[in-house]
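Undergrad: My questions all concern the structure below.
Nothing in this text is a laboratory measurement; each read-out follows from the coordinates by a stated rule. Remember, it's a predicted structure, so these values are computed and weren't measured experimentally. Neighbour counts are summed over all protein chains in view; Cβ atoms, including those assigned to glycine, are modelled from backbone coordinates with ideal geometry.
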Amino acid sequence: MPSDQGMLFLYDSSQKINMWMKNTFIPLDMVFIRSNGIVHRIETDTEPFSERIISSGGEVIAVLELNAGTSARLQLKAGDRIEHKYFKQ
């Protein structure tokens, strides 16, 4: 994935979300985002091809997948706000 891009998975309502890396070839950072755009938590450097469940750890409405290390490079952390038209400010 290009270093300046990511994949944003949006859900219809806030819920506990479980992800995995079963068919993913590269390590990722998974950013779990609440409906107001606040980062709930980040799972860093996930393991490619792993079937280990990666939980949001609470109700979120979106998951942003970035190349591993991107959240650290951007100094992104829980409590930060993601701006996107989908999130209610």
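Undergrad: Arrange the peptides 24-34, 70-80, 4-14 so that the one whose residues have, on average, the most other Cβ atoms within 10 Å appears first.
TA: Result, highest mean first: 24-34, 70-80, 4-14.
Undergrad: What is the percent of Cα-Cα separations in the range 21-89 that go past 18 Å? Show your work: numbers first, answer last.
TA: Details: 839 of 2346 pairs.
Tail of the P(r) past 18 Å holds 36 percent of the pairs.
Undergrad: Under a point-charge model restricted to the Cβ atoms of Lys and Arg (+1) and Asp and Glu (-1), what is the dipole moment magnitude of the range 7-73 relative to its Cα centre, in debye to the nearest 20?
TA: Values: 6 positive and 8 negative charges, 21 e Å.
That gives the range 7-73 a dipole magnitude of about 100 debye.
Undergrad: Under a cut-off of 16 Å between alpha-carbon atoms, report the lysines in cross-link reach of LYS77, not counting same-chain residues fewer than 8 places apart.
TA: Counting by Cα, and skipping residues close in sequence, LYS77 has no lysines nearby.
Undergrad: Next up: Please report the relative contact order for the range 7-73, taking Cα pairs under 8 Å with a sequence separation of at least 6, and give it as a percent rounded to a whole number. All intermediate terms of the calculation are to be shown ahead of the outcome.
TA: On the way: 152 pairs, mean separation 30.7, N = 67.
Here the relative contact order equals 46 percent.
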